[in-house]
Structures are given as structure tokens and as C-alpha cells.
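Structure first, commentary second.
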Amino acid sequence: CSRNPDEAEFHQVVKEIFDSLVPVIAQHPEYMKESILERIVEPERLITFRVPWVDDKGHIHVNRGYRVQFNSAIGPYKGGLRFHPSVNPSVVKFLGFEQIFKNSLTGQPIGGGKGGADFDPKGKSDAEIMRFSQSFMHELGQHIGPDIDIPAGDIGVGPREIGYMFGQYKKMHGRFEAGTITGKGLDYGGSLVRKEATGYGTIYFVEKMLEKQGVNFKDQTVAVSGSGNVSIYAIEKAQDLGAKVITCSDSDGYIYDEKGIDVETVKRLKEVERRRIEDYLEEHPHAKYYDTPTDVWTIPCTVALPCATQQEIDDETANLLIKNGVIAVGEGANMPTSLEAINTFKKNNVHFAPAKAANAGGVAVSSLEMAQNNMGFSWSFEEVDGRLREIMKNIYDNSSEAAEKYGYAGDLVIGANISGFLKVADAMVAQGVV
Ligand code: NDP
């Protein structure tokens, strides 16, 4: 902690991962000898830069941009970009550290990275978003490339922002390098299913986790938080599989629709018209809206899917969910559940799907996008979706087997950490002290 003061999010993720590696270190003294933990926790590089931009009234603003290139032991750095006022070195490092293990779990050859800026896209015009994205890429573009570091989207960075950044990168370098950023539009090197991948993948993972317990996903009542990229496609796939989804939210409030959320309305409001979730009531007046987003977890459900942001479920909320009958929790977002809450779920036999495993579908399909870019052709929706489903199944099996092997059968938090760690640690040992 003294090396990284005031980095609460980073401390939480490091503690969670290192605690779960205790049985591995006990059986593999070579990792201690090689100081793998000391090395893996220090980013290979943290880039911080100025992002100046001009608003529509001609006023100049300055934001701060970041890219953490955390670990390249098993492949080029890969991870999303987040545009949100809360972005700071602690948040970027927590996300980047988590990404190392998540990317390893996918079985794809990708290292860990993450980035973003403390920029608030809310209320900005398209032209302002374009000027900001271009200025951001003007600096970031000097540090990335298809074999170096391949960014993607995250909170506040969707297809629109990716398009502006790709355009700027292309102009800077004077060549069309599709494999330099993922989440691109389908007309210029994007992959089918990338948009849906994180949400769909979360559902595939939770479905598999429940199936192992003999529980059918289609019988579940599901509460989802958020109404962004992950939430929308988690809702869509949960409904495809026959479950009933009754909530969604944004940072202003949440919707409770006892008849089941109409996902097409949410898509239109959020993806096309960029409006607030409260406006859902215009078409669905029977639904209820509450302006307290974190209270979404007071609605009784059997499966809870936090898909909005970090720190959504604390211990008190976990206890309330349990009292209301939750049997499974799947983290679509990164670190939405506190360590205390995770322990409470475990103690009460709630099946818990941790983010690094459950939401790895996004980066997995990003890697498939890179593969298609390298080969110069595109797979069909069914082909990519099938591969995604297979990857999520493998992540579940590998996490489950690792947990069992090291004496924590059924604990997917520990199993995912161990499974993700081993491959990276072995690659670091093989490559020497660099
Ligand atoms: P988006 O920006 O598309 O959506 C985020 C959603 O969460 C928005 O609806 C936003 O509302 C809402 N939200 C933000 N803060 C709060 C809050 N305090 N309370 C309630 N709702 C809130 O982001 P994504 O869907 O892409 O990402 C969501 C999470 O998933 C993040 O943790 C991200 O790191 C993680 N993730 C995303 C991946 C991807 O492929 N996109 C991959 C893996 C993980 P508002 O519009 O009001 O801001």
C-alpha cells in the first residue's frame, strides 16, 4: 500500500487476487524464487497524458488521459478505454491488473492493459465527442499498434468513439491497420457479436454455472443493473433463454417492470436516442421508476446481474438479496461486488460468477476480431457466437477444475484467479527477468 497510496480500487483487486493465490504459491516455490508476485503487481508501463479539446462554444478544456500497459507475458496488451469522470490511476490500474488474468482465462494470446480519461461524455454533442476522441488518440496513437497494444471500448466508449479514434489513428499513421483497435463498425473491420459479447458471455457463464447445480436458467427471475452495452445484451440473452428480467437502471434511477423489461425500448432509448432510462415509462406506463439507482437490488430476484459499474453491491445489499431469495450472482461489470459481499454470498451458498470469468466474453470476441482482421475476412454471427459460447464454457470448466485441484471446490473466484495466473506466471518465468 505504501508504494501506491490512495489507490483503494487497486488495493482491493490485488488483495482479492493475491489471497486466492496462497495455495498455488505453497505448491510452487519457484514463483516465490522468481519474485513473480512482486513483478506482476507492477505495471510494465503507465502512460499519463494531456488531452486538450475545444467545446462547441470555443472554450478550451483539458482532461487527463491514461494507458496502463500492465503485462505482455502472453501477448500484446489488450483492454478497454473508459471515458468517465471517476477515471484515475487507481481505477485504471485495478482494471488493468484484473485484465491480465481475464485475458489469460480466455485462452487467447493477449496480455493485460486498460486506459481512459477523466472526461464526462454526458451532455456533450457529437462534435465535442469527436474532437475529444481525436485529441485522446493523437497521444495514445503513439503507444499502440496491432502487435503492441490493442485498445477497445468500456464505459463511455462505444462504437461512435471507437470510430472517431480509429479514424484519427489512421490519419496519424497513414495506413489502414484494422487490428489496432477492436469494437470497430462492421463496415471497417469490426466483428459480428462484439457488441453483444460481454452481455451474452455473462449469461452463457451463469447458465453453465446453474446447469452444474441442476438449475434451469429459464426458470429464473433476473435483476440487472445498468442499461449500457453489457446490460442490454445480458437482458437480451437472458430473455432468449426464457428467463424473466425485471429491472434495469442508469446513474439517475432504475426501472422495475414486473411484466419483463422490453429490451427493444431500452436499446432505442440508450443506443439510438441517448436518453435517460426514466423515459422507458413513456411507452410502458405500468412500469415503475425510482430515482435511487442502487436500490435496484431491493427488488426480489433469484439471479442478480450487476452490469453497470464498480462497487454496486456491499455487504448490506448482499444480505438483502439473500433474504429476498437470490441463488446466483453474475458480475457483468468489473468489481461491482465488495470483498465482504462476496464472502457473504459464499457463506450462504449463493453461486457466484466473478467478473474476470463471467465478463471475459467481450475481450474474447475482441481477440476473435483481431484474428479476422489478420486473416482479412469475416465470420458469420453464428460462427462467432458459437466460438464465444465455447470459450465461456472453457472458462467455467478451467476455473472450476483449478478451484478443485487447489482445495477450493466450487469457489469460482479462487478458481478463476488461479487458472488465469498460472499461464501468465509460467510465461514470465520462461521469459526471464525482463
Ligand atoms: P456503458 O457506458 O455502455 O454502460 C454503463 C451503464 O451503467 C450505463 O447505463 C450507466 O448509466 C450505468 N451506470 C453508471 N454508473 C452507474 C451507477 N452508479 N448506478 C447505476 N447505473 C450506473 O458501459 P458498459 O456496459 O460497456 O460497461 C459496464 C461495466 O462492464 C463496466 O464495469 C465495464 O468495465 C464492464 N465491462 C464492459 C465490457 C464491454 O465489452 N463493454 C467488457 C468487460 C467489462 P449512465 O448512462 O447514467 O451513465
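Below is a table of values for the structure above.
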{"quantity": "Residue match in the stretch 292-312 (condition: in contact (Cβ under 8 Å) with a residue 40 or more places away in the chain, among the aliphatic types (A, V, I, L, M) and part of a loop (DSSP other than H, G, I, E, B))", "calculated": "yes"}
{"quantity": "Considering residues of the stretch 315-336 that are within 13 Å of the ligand (Cβ to nearest atom) and modelled with pLDDT of 95 or more only, the residue nearest to A353 (Cα to Cα)", "calculated": "G330"}
{"quantity": "Residue check, F49 modelled with pLDDT of 95 or more and not in a strand (DSSP E or B)", "calculated": "no"}
{"quantity": "Pair list, Cβ under 6 Å, 6 or more apart: the stretch 264-290 residue within 20 Å of G158 (Cβ to Cβ), other residue in a loop (DSSP other than H, G, I, E, B) and within 16 Å of the ligand (Cβ to nearest atom)", "calculated": "V266/S227; L269/R275; K270/S227; R276/D252; I277/S227"}
{"quantity": "Positions within the stretch 148-187 being part of a helix (DSSP H, G or I) and among the aromatic types (F, W, Y), in sequence order", "calculated": "Y164, F166, Y169"}
{"quantity": "Condition met for V350 (in the same structural domain as S231 (by TED's automatic domain parsing), within 16 Å of the ligand (Cβ to nearest atom), farther than 30 Å from P76 by Cα and in contact with a strand residue (DSSP E or B) (Cβ under 8 Å, 6 or more places away or on another chain))", "calculated": "no"}
{"quantity": "Only one of G190, G214 that is under 25 Å from P151 (Cβ atoms), outside any helix (DSSP H, G or I), more than 9 Å from the ligand (Cβ to nearest atom) and of a type in the set (G, A, S)", "calculated": "G190"}
{"quantity": "Hey, G376 in contact with a helix residue (DSSP H, G or I) (Cβ under 8 Å, 6 or more places away or on another chain), more than 25 Å from P23 (Cβ to Cβ) and not polar (S, T, N, Q) or not", "calculated": "no"}
{"quantity": "Selection within the stretch 313-344 - part of a loop (DSSP other than H, G, I, E, B), surrounded by 19 or more Cβ atoms within 10 Å (Cβ to Cβ) and more than 22 Å from the chain's Cα centre (by Cα)", "calculated": "V326"}
{"quantity": "Per-region count, the stretch 345-373, residues within 22 Å of G96 (Cβ to Cβ) and part of a helix (DSSP H, G or I)", "calculated": "14"}
{"quantity": "Matching residues, the stretch 72-101, being under 15 Å from F119 (Cβ atoms), assigned to a helix (DSSP H, G or I) and either out of contact with any strand residue (DSSP E or B) (no Cβ under 8 Å at 6 or more places or on another chain) or within 9 Å of the ligand (Cβ to nearest atom) (or both)", "calculated": "none"}
{"quantity": "Unmet criterion (only one of (1) outside the structural domain of I246 (by TED's automatic domain parsing); (2) more than 10 Å from the ligand (Cβ to nearest atom); (3) of a type outside the set (G, A, S); (4) within 25 Å of V13 (Cβ to Cβ)) for N374", "calculated": "(4)"}
{"quantity": "Residues (more than 16 Å from the ligand (Cβ to nearest atom) and of a type in the set (A, V, I, L, M)) located in the stretch 193-211", "calculated": "M209, L210"}
{"quantity": "Of all residues in the stretch 230-287 being assigned to a helix (DSSP H, G or I) and under 16 Å from T302 (Cα atoms), the one that is farthest from the ligand (Cβ to nearest atom)", "calculated": "Q239"}
{"quantity": "Count of the stretch 305-314 residues which are out of contact with any strand residue (DSSP E or B) (no Cβ under 8 Å at 6 or more places or on another chain) and away from the ligand (no atom under 11 Å from the Cβ)", "calculated": "1"}
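Yes or no, residue by residue, for (1) within 15 Å of the ligand (Cβ to nearest atom); (2) closer than 24 Å to Q311 by Cα; (3) basic (K, R); (4) buried (at least 24 other Cβ atoms within 10 Å of the Cβ):
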{"site": "I47", "(1), (2), (3), (4)": "no, no, no, no"}
{"site": "D56", "(1), (2), (3), (4)": "no, no, no, no"}
{"site": "N103", "(1), (2), (3), (4)": "yes, yes, no, yes"}
{"site": "T106", "(1), (2), (3), (4)": "yes, no, no, yes"}
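So that you can scan it fast, the table gives a plain yes or no per residue for (1) part of a loop (DSSP other than H, G, I, E, B); (2) surrounded by fewer than 16 Cβ atoms within 10 Å (Cβ to Cβ); (3) among the charged types (D, E, K, R):
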site: F377; (1), (2), (3): yes, yes, no
site: E390; (1), (2), (3): no, yes, yes
site: D397; (1), (2), (3): no, yes, yes
site: S400; (1), (2), (3): no, no, no
site: A409; (1), (2), (3): yes, yes, no
site: V424; (1), (2), (3): no, no, no
site: M428; (1), (2), (3): no, no, no
site: V433; (1), (2), (3): yes, yes, no
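To keep it simple, each residue is scored yes or no on (1) among the charged types (D, E, K, R); (2) buried (at least 20 other Cβ atoms within 10 Å of the Cβ); (3) over 22 Å from I60 (Cα atoms).
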site	(1), (2), (3)
I100	no, yes, yes
G116	no, yes, no
Q142	no, no, yes
I148	no, no, yes
D187	yes, no, yes
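The values are calculated or read from the model by the stated rules, or taken from the named source; none is laboratory data. Because the structure is predicted, anything quoted here is derived from the model rather than measured. Positions of Cβ are backbone-derived with ideal geometry, glycine not excepted, and every protein chain shown enters the neighbour counts.
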